[in-house]
Amino acid sequence: MNSPVLSVRNISKRFGGIQAVDNVSFDVKKGEILGLIGPNGSGKSTLFNCILGQLQPDDGEVSINGRNVSGIRASDLNKLGVGRTFQQLSVFPKMSVIDNIILAGQEHKGTMLSRLFGPGDAGLTAEAEQMIEFFRLSHLRDELAGSLSYGQQKLVDAAMAFMAGPNLVLLDEPAGGVNLTMLANLKERLVTYNAEHGTTFVVIEHNMEFVMSLCTRIIVLAEGRIIAEGRPEEIQSNQMVIDAYLGG
Ligand SMILES: Nc1ncnc2c1ncn2[C@@H]1O[C@H](COP(=O)(O)OP(=O)(O)OP(=O)(O)O)[C@@H](O)[C@H]1O
């Protein structure tokens, strides 16, 4: 089957007088790492939230693996193997790293009340242990998530998103506030996961070095519209993109 993992068709979203996303369409194929870049306020997060069912678009349609998911609840998207990370960290600071990751697994499996009941097991410990090892967090397994450095918490956040056993992961500014050593680690882990599992990523990012070296394709948004699309090297030499974003 050749249908794209993610298909976005004519998505528009307005907030009062602001056209945050304006008739945006694109497809993402299995195994692609797509970067979504653009100036502050260009509509990247709004587009993510429309894709993930956290905002209802005014127009347009989103399909995942050929299935129209417009109007679907965010929690049901998890069950389709869609993971996400947020611009703001979503770890529970007073819980250990392992418990945060197990809990994320419970949520992805649709245990809606898991956050109220706290971490049980639900057969997820072994999976969580593997995820901890994969993200090289074993030495921090039992530490409270809130005691970790910001970069380490971002890795925990990523591990949580990956507990969906995802086909598709949307990462919202994974590099934001992360130091250089951690960044290299994060990028290497994402590339390895992509190569080993064929997982598709869509990444919003302002760190150009990170996004250009991580992604196989880049889409540039400005004022809610796609102004360019191409390979990283094409985007970096695109005059319209330099004028609208990279040049500043
Ligand atoms: N809930 C909201 N209510 C009103 N306006 C909003 C809302 N969310 C976003 N906007 C506006 O929509 C536009 C697009 O914002 P959005 O956050 O999607 O941009 P962005 O590209 O993700 O920005 P950044 O890079 O700063 O995160 C902005 O003008 C923003 O002020």
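No value in this document is a laboratory result; all are computed from the given coordinates. All figures in this text were calculated on a predicted structure; none of them were measured in a lab. Virtual Cβ from ideal backbone geometry, glycine too; neighbours counted across all protein chains shown.
Miscellaneous remarks
- In the chain, Cα pairs under 8 Å separated by at least six residues give a relative contact order of 26 percent.
- Additional length obtainable on full extension of the chain from residue 126 to residue 239, 0.36 nm per residue less Cα span: 35.7 nm
- Dividing the radius of gyration of the alpha carbons in the range 126-177 by their Kirkwood radius gives 0.96 for Rg/Rh.
- The amide H of residue 38, built 1.01 Å from its N in the peptide plane, has 221 as neighbours under 5 Å, considering only residues 5 or more places off or on other chains.
- Crossing angle, helix 125-134 versus the chain [Cα axis fit, 0-90 degrees, rounded to tens]: 60 degrees
- Signed unit charges on C-beta, dipole axis of the chain, positive-most listed residue 90, 139, 155: 90
- Amide H contacts for residue 59 (H built 1.01 Å from N in the peptide plane; partners 5 or more residues away or on another chain; cut-off under 5 Å): 12.
- Rounded to whole numbers, the Karplus 3J(HN,Hα) couplings from phi for the range 203-213 are 10, 8, 7, 9, 7, 5, 4, 4, 5, 5, 8 Hz, using 6.51 cos²θ - 1.76 cosθ + 1.60 with θ = phi - 60°, and x at Gly and Pro.
- Normalising the Debye intensity of the range 1-83 to I(0), with uniform scatterers on Cα atoms only, and taking log10 at q = 0.11, 0.12, 0.18, 0.23 Å⁻¹ returns -0.28, -0.33, -0.75, -1.19.
- Between the C-alpha center of the range 162-196 and that of the range 27-62 there is a gap of 18 Å.
- Rounded to the nearest 5, the antiparallel percentage of DSSP beta bridges internal to the chain is 55%.
- Size descriptors for the chain, from the alpha-carbon set: Rg then Dmax equal 17.8, 54 Å.
- Fluctuation leader among 228, 20, 126 - the chain, Gaussian network, Cα springs under 10 angstrom: 126
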